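Visitor: This is the structure I want to talk about, given as structure tokens.
The values are calculated or read from the model by the stated rules, or taken from the named source; none is laboratory data. Keep in mind that what you see is a predicted model, and the values were worked out from it rather than measured. Cβ placement follows ideal geometry from the backbone for every residue including glycine, while neighbour counts extend to all protein chains displayed. The area values use the complete protein model at the heavy-atom level, side chains included, leaving out ligands, DNA and RNA. Shrake-Rupley method; radii C 1.70, N 1.55, O 1.52, S 1.80 Å.
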Amino acid sequence: MSLDFLTAHELAGKLRSKEISVRQLTEAALDRIRSLDGAVHAFITVDEAGAFLAADHAQKRLDDGDPSPLLGIPIAVKDNMCTRGLLTTCGSKILEGYKPSYNATAVQKLHDAGMVLIGKTNLDEFAMGSSTEYSHYGPSHNPWDLDRVPGGSSGGSAASVCAGMTPLALGSDTGGSIRQPAALTGIVGMKPTYGRVSRYGLVAFSSSLDQIGPFARDVTDCAQLLNVICGHDELDATSLDMPVPDFTRALSKDVGGLRIGVPKEFMGDGIEAGVRDTVQAALGVLEQAGASIEEASLPSTEYGVATYYIIAPCEASSNLARYDGVRFGYRTKSDAGHVDLVEQTREEGFGEEVKRRILIGTYALSAGYYDAYYLHAQKVRTKMRMEFEELFERFDVIAGPTSPTVAFKIGEFDDDPLSLKMADLLTIPANMLGTCAISVNCGFSEGLPVGLQIIGKPFDEETVLRAAFAYEHRTDWHTRRPPIA
Ligand code: GLN
């Protein structure tokens, strides 16, 4: 029987009943990658040796009766999280050959939970993008249609889970990079509340927005993986010291009385009709289940993209100043003194999009422009937060589409990087607020998956998971698989 599309909790059952061994499961994942990744390109690095080592450790723990739920389960990790001794490229030439000497805390937690790290997945360079086309290592492809993007920037992680390579993956979400690729590939993706998951060892893009989170084939798996990665970490000053619930306890089929607000700005201009209708039908399912659905308004939605594309580049321009060719990664061959070394390394090592953002960020932070751009953007961010707070007085969750469109063609926005940024219209608000949000598959438009986004109050992942689980329980979209060999 094929293991390719089973969920982690189904696989865990088979491991415990000894129907399969961890080695067999690991081999199956590696086989699948061998046969499909030439076409999908989900991975930058596959760590076969490391995976078998981890598999043997996990098997021993299983045999010793260790009850950790995700013991022995294969997982892929976005290549912007540090992995000890294993190439970490961020999809950039500038980190060529970089092997970190430590694990990101989230990665260490996977190891501690006995999970089997299969490899590192493709992404837009430094997580800047919405399509995975800006990777130095070439684009990833959407398993539903190989001519289309899997979304981004965590496109490789999403493609891996979607194509049946690994049941789980980690991504990072700064402006939608988990939820949007989850939507475009028809899987579950969740951005936890800022501070829930340590960012230690996540290569910084925009530090006030970045957050690590899970990709999964269903909501139960998503909750299980969330259980593993959340928690306070002294190595990240922004990680919150508050209790982490067992998220699987939140998985209830009952949404009676749940108040769902649907901002009209999420269903209006710029949203494809097919996406809107599909999401409308999904909201109908939740209504039938006893939730109340009411139109709401988040007027600042239209300023979100502009605001984000000031704040994120500003933070990035500072964070990316460290790549100088001196200490690690790529170094230019040109050697006409220190200044030339740094300049040439950055010129040769960064791709176009990353350079664009460093320039925008540096400009917006410079004397004379700071007030007009950065400060102004921060004020709009505050305004957005206030609007959200008002909504959350009346609603338990906010819902709508995850992405305004279904997966687009590779190369479609080659000449128009500005329009590509509209892909983030509906995901950016949750990052601005720092709150949690999930995307689950809620049907198809033009034969391509559509994501339903559910945004919760800060630290209320449980209600988000409950709503998502109740929806999933009443539908079978999450069981659909892409037509790939
Ligand atoms: N698409 C957005 C950007 O290009 C978000 C990326 C992300 O969440 N990492 O910045």
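Visitor: Would you mind pulling out the separation of the Cα centroids of region 1-71 and region 296-344, in Å?
Guide: 37
Visitor: Also, I was wondering about something else. With unit charges on the beta carbons (Lys and Arg positive, Asp and Glu negative) and the dipole taken about the Cα centre of region 77-197, which residue among Leu110, Leu95, Met165 sits farthest to the positive side?
Guide: Positive-end residue among those listed: Leu110.
Visitor: Follow-up. In terms of the Cα gyration tensor, with a ≥ b ≥ c the square roots of its eigenvalues, is region 155-254 rounded because a/c is under 1.5, prolate because a/b exceeds b/c, or oblate? It would help to have the intermediate numbers written out before the result.
Guide: Numbers: a/c = 2.06, a/b = 1.22, b/c = 1.69.
Cα axes put region 155-254 in the oblate bin.
Visitor: What is the distance in Å between the Cα centres of region 385-423 and region 99-128?
Guide: Cα centres, region 385-423 to region 99-128: 27 Å.
Visitor: Based on DSSP loop calls and a cut-off of at most 12 other Cβ atoms within 10 Å, the longest stretch of the chain free of exposed GluC sites (Glu not before Pro) is what? Write out the running numbers ahead of the final one.
Guide: Numbers: sites that count: Glu19, Glu234, Glu446.
Answer from the scan: 20-233.
Visitor: Here's something else I'd like to know. Under 10 Å from the Cβ of Arg217, count the other residues' Cβ atoms, weight Lys and Arg +1, Asp and Glu -1, and hand me the total.
Guide: Details: positive: Arg481; negative: Glu10, Asp218, Asp221.
Every neighbour counted, the sum reads -2.
Visitor: Now for a different question. Report the local net charge at Asp145: Lys and Arg +1, Asp and Glu -1, summed over other residues whose C-beta lies under 12 Å from its C-beta. Kindly include the intermediate steps, with their values, before the conclusion.
Guide: Details: positive: Arg148, Lys409; negative: Asp147, Glu446.
Overall, the nearby charge balance is 0.
Visitor: Within 10 Å of each candidate Cβ there may be at most 14 other Cβ atoms; applying that plus a DSSP loop requirement, which trypsin sites (Lys or Arg not before Pro) in region 1-86 survive? Before the final figure, lay out the partial values.
Guide: On the way: sites: Lys14, Arg16, Lys18, Arg23, Arg32, Arg34, Lys60, Arg61, Lys78, Arg84; in loops: Lys18, Arg84.
In loop regions of region 1-86 (DSSP not H, G, I, E or B), the sparsely surrounded trypsin sites (Lys or Arg not before Pro) are Lys18.
Visitor: Find the accessible area per residue for region 248-317; the probe is 1.4 Å, ligands and nucleic acids are left out, and the unit is Å². Mind showing how you got there, number by number?
Guide: On the way: 2980 Å² over 70 residues.
Value for region 248-317: 43 Å² per residue.
Visitor: Could I ask something else about it? Mind putting a number on the dipole of the chain about its Cα centre? Charges go on the C-beta only, +1 for Lys and Arg and -1 for Asp and Glu, and I need it in Debye to the nearest 20.
Guide: On the way: 45 positive and 64 negative charges, 134 e Å.
Charge dipole of the chain: 640 debye, to the nearest 20.
Visitor: Here's a follow-up. For every helix of n ≥ 4 consecutive DSSP H residues, a contribution of -39,500 (n - 2.57) applies; sum these over the chain, divide by its total residues, and give [θ] at 222 nm rounded to the nearest 500 deg cm²/dmol.
Guide: On the way: 15 runs with 182 residues, N = 485.
When only DSSP H runs of four or more count, the value is -11500 deg cm²/dmol.
Visitor: Here's something else I'd like to know. Order these peptides, 199-207, 256-264, by their mean beta-carbon neighbour count within 10 angstrom, highest first.
Guide: Numbers: 199-207: 22.3, 256-264: 17.3.
Highest to lowest by the protection proxy: 199-207, 256-264.
Visitor: What's the FRET efficiency of Ala281 with Asp335 using the Cβ-Cβ distance as r and R₀ = 60 Å, to the nearest 0.05?
Guide: 0.45
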